[in-house]
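The values are calculated or read from the model by the stated rules, or taken from the named source; none is laboratory data. Just so you know, these numbers come straight off a predicted model, no measurement behind them. With ideal geometry, Cβ positions are generated from the backbone for all residues, glycine too; neighbour counts draw on all protein chains shown. What goes into the accessible areas is simple: the full protein's heavy atoms, side chains included, and nothing from ligands, DNA or RNA. Shrake-Rupley method; radii C 1.70, N 1.55, O 1.52, S 1.80 Å.
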Amino acid sequence: MIKFLRQPLFIQCWALPTWLLLGLSKLAIFRLSFRKLAPRLGVMQHNGYWIPLISEKQRLRAKLISKLVQGIAPYTPWESNCFPQAITARLLLDLYGIPGTLYFGLCRDAGQIKAHAWVCAGPVRVTGGYSFNQFTVVGAYLFTLKMS
């Protein structure tokens, strides 16, 4: 509890809503086909993949969102792996008008294919770490192209 109270006010205020968003994201993944979910993730990038530039203010907010989502995910009673975290981060970034890209990637590991989802906003790896080196991007969704 003391550790939580030492967190920035932003994280304290958004902890419960983020916990709920992680649950709703997980529910959407199970209830909706990817074909129905994909249009809500952003605009599919067909010609190369890019990450929009963001201001310093947006970068600081994206770092807080990253800390928030990754900090709350272990405390859900369901598994909040990379995909629900990516959806939740995408929703929070969009709420604050911060542009970013949600990526889906695949890699082969010991004969198995692994899938991963991650979100980047400018130079900030919001969720999923820096996965470009390990995973081949198979889909990318650009979101929130607002100026703030």
Inset, instruction - Identify, by number, the condition in (1) touching a residue at least 60 places away in the same chain (Cβ under 8 Å); (2) surrounded by 12 or more Cβ atoms within 10 Å (Cβ to Cβ); (3) of a type in the set (A, V, I, L, M, F, W, C); (4) more than 15 Å from LEU95 (Cα to Cα) that ALA62 doesn't meet. - result: (4)
Legend entry - Residue within the stretch 41-53 that is open to solvent by 70 Å² or more (accessible area, probe 1.4 Å), assigned to a helix (DSSP H, G or I) and either touching a strand residue (DSSP E or B) at 6+ places or on another chain (Cβ under 9 Å) or without any contact (Cβ under 8 Å) to a residue 12 or more places away in the chain (or both) present: no
Legend entry - Scan of the stretch 110-129 for residues that are under 12 Å from the mean Cα position of the chain (by Cα), within 17 Å of PRO52 (Cβ to Cβ) and open to solvent by 30 Å² or more (accessible area, probe 1.4 Å), ordered by number: ARG125
Inset, instruction - Give just the number: which of (1) in contact with a helix residue (DSSP H, G or I) (Cβ under 7 Å, 6 or more places away or on another chain); (2) free of Cβ contacts under 8 Å to residues at least 60 places away in the same chain; (3) open to solvent by 50 Å² or more (accessible area, probe 1.4 Å); (4) assigned to a helix (DSSP H, G or I) does TRP78 not satisfy? - result: (4)
